[in-house]
Every structure is written in C-alpha cells, then in structure tokens.
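S.K.: Right, I'll just put the structure down here and ask away after.
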Amino acid sequence: MTVDRRRVLRGLGIASAHGLWFAFGCGGPARPPRHAGDDLSSDVRTWLREAVALIHGAGVTGHALAVSRKHTAAALDVLGAGVAHQRCDGVVLTARDGRGRREQVTSDLTRDGVLDAARALVGNTTPASLDFGPRPARPATPRPDPDAITDAMLIEGLAKLAKRDSGLSSRIVYASGLVEIDDARVWSVAANSDREQRLVRVRRGVTRVAWNGTRPIVSEVTRAWSGGLEDQTLNDDELAHARDTALALMTPGAFSDGEHALVLAPELVASIADIAARTLYTARAQRRPEVAQRLVTGATIAAPTFSLTDDATAATAYGGFHFDDEGTAATAKPIIDRGVLVDRISHARRPGHTGPLELTSAHLRVGAGTASELALDDGYLLEGNRGVRIDPASDRIVVAVQRALEVSHGQRTGRAYADVELVGSLGKLLGDCGEATSATRTIGIRDELDGLPRWRSVEAPWLRAKGLVRARRRLA
Amino acid sequence: MISRRDIVHALEHRDLADWVVVERDQEIAVVDGSQREEHRMRWQLTVHADTPAGRGTARVVIDANDGDPDQLVDEAARLARLSVGPAWTTIPQAAPARVELADPALSIGTAVDAAIALAKLLARRAESNVTLETRITLLRERVAMQCRTGFHAEWKATLARVETLVIATGHSLEIIREARRADGLELVAAIDEAIADLRLLASAGALLPGPCALILSGDALLHHGLGVWDAFTSQADAVVARQGLTRYHERGVIAAGSDQVAEPLSITSNGALAFGVRSAPVGDDGDAVRTFPLVDHGIAAGLGLDPREAALLHRDPNGGVRNLRVSLGTWDEKTTSAGVRVIDVRRLRGLEIDPYTGDGDLELSLAIDRATGKPFTGGTVRLDLIDVLARARRSARSLRRGPYQGPAAVLIEHAELLA
C-alpha cells in the first residue's frame, strides 16, 4: 500500500495545510462579528425566552437551544502553513407533548429568525407567562481570549513546536503540526431553566511519516483539552515518541496469527471503550434484541478489573460540558463498575449543537490500576489505533492495530509487525482483561456527522488482555 | 442578506480568472420517533486566481441566510492566491446533462409531511411479530448555479434516505436505502428480504473455514451503497492517477488477463441517469456531467475529471465518477464449478476497501452453504477485489439500487473463508 500526503492528512482528519478551506458566515446578518459578545448573549437569551413562551402558549413544553460557534484550524507542514476559519450560528426549538417531540431548526440567529422558527413549529399563539429562573452567571473566558488569537499567533506556535523537534531525520518524509480551536457559546432556555456556557476546545498534534520498505509508517501524537490555548502543549518526550515510532523498522516476515497475551496501549483501550459506549451502552442500542439480551443492567460483562465512567463534569476534559444539548446539567455516571454493567450513556448531545439528538459519551474514563508497568512473559504489546469496527448484533469486534511489538521470556525481541488486527467478541475481550497501569493518557476525538462536529474524550491506561491477533495484509 | 446577485456582483469586481457560485435552498426533514424540520441556505463558491506562479483555487462553503458578500469574496480570493498550483486554463462550458432529479410525489406539502407519508408505507408492512424502527431523512432542494462565463443552470432535486432496524425472531438487521423517488426505495421488498434473512439468522450455525467459491448478491454485493464496486471508483481518481498511485493505468488491463476472460468486465460512470442518487446536470465546479467508461472489456478506460484535471490532461471534464453501470453477464446464478464449496453471502457486517490496492475485507453477517443449505453467521473473507471482480461471473439478471445499476449477483470462484 502507498499513501500520498493528501491521504495521510485525510486519514488523520486534518486535511492538507494548503488545502484548508475557509468558511464564513453560517448565519447572522451583515454586521460586525457577534460571536461571544456579551451584548449578543443578553439579546439571544431574550429571543429564546420569547420563543419558549410562544411554544408553551400552544399547550406544549418548549426548549430553545442556540449556538454561536467558531472553528479555527492551523496547520504547518513541509509545504507551508495554512489557517482555516468556520463560523456557524444555529437555533433548535423543541416542542414536546404526549405525542412526542417536534423540532424546528434555523441558521438565522436573529430575533426575527428565532420567532419565525417558533411560529413554524407551533403556529401563532399567545405567549405563556413563564418563570425562567435566575439569569446565569457570565461564562468564564479562557486565557488568552480566543477572540484575540490571531492566525499569526497560531502559525508561530506551530513553528516553535516544529523547531523543538531537533532530531528529525532525513527518513521522515512528511512532518506536520496542527492546532484546532472550537469556541462555542451555547444558550439553553426552558421553563425554570436559563443556562449559558462557553466551551473552548483545543487540540494539538504532530504527525511524522517515514517509509519502511514499501509501506509508510504514520505516527501521530495529540493532546486535547478544554480551556486556554496555552494551557497544555506537547512535551519533548511526546515529540520524540512521534518521531521514533515513525522511524522504527518493521519486521518484514509473516506475523504468527493466533491467541496471544497482550498489553494494549491507551489509544487502543480508548478506541474500544469509545465505540462500545456509542454503539452498545445506550438506550438506543437496547432496541436490538441481541444487545438487550446480552447487556442487562446488573450483568457481568467485563473482568472485575475493568471499570468505565462517563464523566461530563471532568474539569478541562475535551468532551466535557456544563450542560448537555437538552439543557440537563452535566453528571459523572459509572457505566461499568468492576465488570458489572450498572448504567448507560444518558447525556443527549447534538453534532455541532444543532444536529439531531443522539446519546453519546462526553469524557469516558477507563479505570486505572495500580501497576507502574505491565510485564509480559510472552506475547505482544499492541500500539497505534487504525480503526475499530463492532457489530452490535453479534458483539464481534475488529481492532486494526498499527504495530505489534513482540515480547519473549519477558524481553522485547526487537521484532515489530505492522498492520495486525485483534479480532473476537467484545464480551470475551473485556472478560479477559487483566490489570491496568496507574498512568493514563487522554485521547480527544473530533469527528463529524453530516459536516457537524462531535467532541468526545477518553482517558485510558495500558491494559493487559488476551485475544486472537492476526496479520491484516495479504502477502505478495 | 446574502443573494446570488450580490455575490456575483462582488466577484465581477475582482481580478479572478474564473468562478462558480452554487446556491442550494434546502429543506431537510427527519422523522423517527420525533419530527425535525430544518431550512437552510447553503452557498458554495469556487474561485480561481491566476498568478505568475500558476493558478490557485479556493472553495468556500457557507450555511447562512446572511453575510457580507464582499468580505466573503475577498477572503476566497486571498486564499486562492495562497494555494497556487500548476497553471491551467478553464475549458469552455459545455451544455449541462438533461436529467430529472425531483420526484413530484415527494414535493407535495411540507418536507415533514412527505417523510411521514414514506414512514406510513413501512408501517403497513410491519407484521405482528416484526418490529420496524425507522428513521427517514428527506432532502428537497432547489439548486442554482452561475459561472463567470454567464452560464446559468437551475434544477430541483429530492433525495430520501431510509434507515430501518428490522427486528424479528430475537435478531435484528439494519437496512439502508437511498433514492430520489419514493418508489425507487423499494422498501417493501427490502423489508421482506430482511424478514426472510432474520428467520435464517435464527437458525444460523457456526462457520466452517476453508476454501470456497462466493456468491455476492443484493445487500452483500452493495453494502452501504456501491459495496465491492467501490474498489473501482478510487482507481478512477484523476489526482491519484496523476501521482502514479493507482493500481492500474489507462489503456492497460485492470488485472492480469482481465481482457481475456469469457465475459470481460465493463464499468461506466453514468451521472445523467434519471433519478440516479449521484446524478446532476453539472458538477460543483460548473463542469457538465457526462457518461464515460471506467473499464472497457477489462481495460482501464477513463478517469473522473474535474475542470482542473481535465485541463491538465487536455481533455473535456466529465463531472467525476457518479452512478456506476456494470455490464451484465450470462451467469444463471445456479451453475457453479463442480466439487467446489459454494457460499451464498446474504449480508455483510462490514466491508473495508483499501482505495489504493483494491484489497477488501468482507465480514460476513449471514451466508448459506449451498451444498447443505444451512445458514451460518460470522467469518472473514479477504479479496483482491479488482482481480476477483474482473474475473467474476456476472448474472444476467440486473439490479438497480442507489448509485448502482448492473448484475444482481456475482460468482467469485476462488476465496478463503477465515474464522
């Protein structure tokens, strides 16, 4: 297999630095930028209150959610630098009654736009008199203020990061740095509830690519958090890890397919937890009889060493928030407690805050253990996530792994196999889990559904496991 | 308030080599347990700027009712001048393809009403012991396009997407259908097939690994759209081809001996197929959509060309790869080689295709061993899809679904079923 620069970037979800597209507008009349302005906040809340009063006037329960968000992405690679901006405003009005839920969505975040949407939803009604409760406190602004960050500052930061990685070899054929900032101001208004939050999510990453024979080895390290741009950065060890992993020579021989003792790196544990939470541990997944039968509350579905919590309240977590897109305050909820399924993902969120509602995790936390390091007698250390597929009906999981590092008699043999997969049933994989390390890593996930972003994060340790590992490639 | 006239006015006063404006006025309805209606204006602006170093291009997408056209155009022009590539010249505009894309039946009333009407079709199909969980998404749009040359086109389109979880006998299957017309969804047949497969799933046993011949049909052949035929679309990407990264090259065989088999494979991109889900009169860059061959009797015959790639190759643009029409064969769907275990694959759990090599990983959800007639579930098959599809026997019976038109089944004579 071969890759070009475009594919490498596309695979990492960062697009070409030069090809980054600019997008503007996404609602709002021709006037100075209104994003995050305090005057706007007061206006928006007033419009949303009017809309909710109109909806209640029709004898149904109303909720109004508005968002003004801005996405900035800067990339620096071998061909130069690029910055992209996107701004999007939106309003979702919801009416609920005994017959179900109806929504009206508009990108017109003006008084007329909001009220027109309310009338489209419930017709011309007399506004109900409602108590919306106290006005929310002004959300904190991270430092530096995202509105004050210039393109030049972002590029300069990336250039400094690139300069710090002094050990780049000529074998590295592609190197890039990326920083992304999602700055969303969200308002939620319902009877007895008036909330506002500002979520500033930052993701930094570097990518290194080196050829190994006929195949490219792509290595990426990222950090993702909520807060200020400068709150975190990649340290020297992380930069060295990205470089050394790309430069590592892969063993050309065939991988020995079979059941092996394993240590899974945090990025793999995180991706397994993420896909399981999204596709299995939700009320929606329970529609499938196979899932409902397998995943009964109170059932043991993993080893006693395995716990999983969805903690939307986690301070500075990339996927965290103060309230979800139905206006419900963030909670920390155990999903699997020492192997037992105790609850399900319950926070309702909308892609981009305006898309259709879905139940997704916010910040998953896989329980850490006490081990400082996980030793293996014989087996493999699996590193690098290349994608996970799961079939909810059969529980079959296929984890594509970038490399398997062989361990024999407690020592690394130096053999490293590229492109293997861990296959089997998720239940067995979790049931066979062993101890975990005390150290964890946090992975931030930003994907898109119909062009709308979704933000999640997972904190995971290294985890002992066992399972069927096999080569993914056909040998030529 | 953004209007096409204002954007065009702003563009005409900038020093730009070429530009295209696309305005999409969209109504989107989603009906599942709840109802959702969205109205959005989507603007797409493509500008080309010539510089001494070459030509730069920028594309801007805006979901908005309002904005400042001058600012928008200035930013797009600035970006275009920053993204300079090889010089090329726009090829004169050709006539748009004549193609119908809007179903009058889906255009009546509100978008939510039309989506509810589709949901009712499904509800009638539900049997007492079958549960259907359905989400219907209906898009109605009016598209207007204007180019620097004065070319102007307008059309209406509808697109319905139905995702249904069919639940029976303690098992579930998800079916997804997309069509521009309500009757193109063929929902009744899809549900009936799913119910029959759920009954088979209830009695499915464990797989027996080993060599076999595979029959792929229906949902197994067209998993999530074009299914296994997607292996050919990335090979027709002109950008990838120009970089020398495609597996085969124009005018060469797509696989060793692919032109020597009894019924060589031919594949055509047909973007002018009436009510085709990937049909359009013109592409997003203002290029007229054309029907063109991807593979002709086992020989690589064409590439999807946008205006830039077409200009660099001194050819006419064709709107890129769209709906695929695969040549029919003569296979009767019964005859197979003697002494070979034949697996009839009904559904896949997953299909992953490497866009560069054409290697495919097929995860089987439901299959039938023809010798015993017993259904089984699970297993993986790894195939060099370009090679095996070039040699596969194709049925005489045809199927049209989503972006695909071609044989209803194929027989792949050499495969290995893995646990």
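The values are calculated or read from the model by the stated rules, or taken from the named source; none is laboratory data. Predicted, not measured: the structure shown is a model, and the values here were computed from it. Every residue, glycine among them, receives a Cβ derived from its backbone with ideal geometry; neighbour counts consider all protein chains shown.
S.K.: So which of A:L381, A:L364 is touching a residue at least 24 places away in the same chain (Cβ under 8 Å) and either under 14 Å from A:A460 (Cβ atoms) or assigned to a loop (DSSP other than H, G, I, E, B) (or both)? Outline the logic, then answer.
M.R.: Working: A:L381 fails: either under 14 Å from A:A460 (Cβ atoms) or assigned to a loop (DSSP other than H, G, I, E, B) (or both).
The unique qualifying residue is A:L364.
S.K.: Quick check: anything in the stretch A:366-374 buried (at least 23 other Cβ atoms within 10 Å of the Cβ) and small (G, A, S)?
M.R.: no
S.K.: Further question: Please give the helices (runs of 4 or more DSSP H) falling wholly within the stretch B:201-270 in which 3 or more residues are closer than 30 Å to B:R98 by Cβ. Don't jump to the end; show me each part of the working.
M.R.: Working: elements: B:218-221, B:230-233, B:238-242.
Qualifying helices (runs of 4 or more DSSP H): B:230-233, B:238-242.
S.K.: Within the stretch B:142-174, track down each residue that is within 14 Å of another protein chain (Cβ to nearest Cβ) and either surrounded by fewer than 20 Cβ atoms within 10 Å (Cβ to Cβ) or not in a strand (DSSP E or B) (or both).
M.R.: Of everything in the stretch B:142-174, those that are within 14 Å of another protein chain (Cβ to nearest Cβ) and either surrounded by fewer than 20 Cβ atoms within 10 Å (Cβ to Cβ) or not in a strand (DSSP E or B) (or both) turn out to be B:R161, B:E163, B:L165, B:T169, B:G170, B:E174.
S.K.: I would also like to ask the following. Which numbered condition trips up A:G327, out of (1) in contact with a Lys or Arg (Cβ under 9 Å, 6 or more places away or on another chain); (2) at pLDDT below 95; (3) assigned to a loop (DSSP other than H, G, I, E, B)?
M.R.: With respect to (1) in contact with a Lys or Arg (Cβ under 9 Å, 6 or more places away or on another chain); (2) at pLDDT below 95; (3) assigned to a loop (DSSP other than H, G, I, E, B), A:G327 is out only on (2).
S.K.: Filter the stretch A:431-446 down to the residues that are surrounded by 18 or more Cβ atoms within 10 Å (Cβ to Cβ), of a type in the set (A, V, I, L, M, F, W, C) and within 18 Å of A:A371 (Cβ to Cβ) and list them by number.
M.R.: Matches in the stretch A:431-446: A:C433, A:A436.
S.K.: Can you pull out the residues in the stretch B:345-360 that are touching a Lys or Arg at 6+ places or on another chain (Cβ under 8 Å) and either buried (at least 21 other Cβ atoms within 10 Å of the Cβ) or outside the structural domain of B:A241 (by TED's automatic domain parsing) (or both)?
M.R.: The answer is B:R349, B:G358, B:D359, B:G360.
S.K.: Anything in the stretch B:185-214 that is crowded, with 18+ Cβ neighbours inside 10 Å and within 27 Å of B:R278 (Cα to Cα)? List them, or say none.
M.R.: Result: B:L185, B:L187, B:A190, B:I191, B:E193, B:A194.
S.K.: Still on this structure, I have one more. If you check B:L399 against the conditions, is it in contact with a strand residue (DSSP E or B) (Cβ under 8 Å, 6 or more places away or on another chain) and more than 12 Å from chain A (Cβ to nearest Cβ)?
M.R.: yes
S.K.: Out of (1) hydrophobic (A, V, I, L, M, F, W, C); (2) over 30 Å from A:E196 (Cβ atoms); (3) assigned to a helix (DSSP H, G or I), the odd one out for A:A175 is which?
M.R.: Just one mismatch for A:A175, condition (3).
S.K.: Output yes when any residue across the stretch A:415-429 is under 23 Å from the mean Cα position of the chain (by Cα), within 14 Å of chain B (Cβ to nearest Cβ) and free of Cβ contacts under 8 Å to residues at least 12 places away in the same chain, and no when none is.
M.R.: For the stretch A:415-429, residues under 23 Å from the mean Cα position of the chain (by Cα), within 14 Å of chain B (Cβ to nearest Cβ) and free of Cβ contacts under 8 Å to residues at least 12 places away in the same chain: absent.
Here's the yes/no breakdown for (1) under 30 Å from B:T110 (Cβ atoms); (2) more than 13 Å from chain A (Cβ to nearest Cβ); (3) in a loop (DSSP other than H, G, I, E, B):
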residue: B:I2; (1), (2), (3): yes, no, yes
residue: B:R5; (1), (2), (3): yes, yes, no
residue: B:V22; (1), (2), (3): yes, yes, no
residue: B:Q26; (1), (2), (3): yes, no, no
residue: B:R36; (1), (2), (3): yes, no, no
residue: B:M41; (1), (2), (3): yes, no, no
residue: B:L45; (1), (2), (3): yes, no, no
residue: B:G56; (1), (2), (3): no, no, no
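S.K.: Mind checking which residues of the stretch A:36-71 are in a strand (DSSP E or B) and buried (at least 19 other Cβ atoms within 10 Å of the Cβ)?
M.R.: A:G62, A:H63, A:A64, A:L65, A:A66, A:V67, A:S68, A:R69, A:K70, A:H71
S.K.: Right, here's the next one. Could you check the stretch A:275-300 and list, in sequence order, the residues that are part of a helix (DSSP H, G or I) and surrounded by 23 or more Cβ atoms within 10 Å (Cβ to Cβ)?
M.R.: If the condition is that a residue be part of a helix (DSSP H, G or I) and surrounded by 23 or more Cβ atoms within 10 Å (Cβ to Cβ), then A:A276, A:A277 are the ones that fit.
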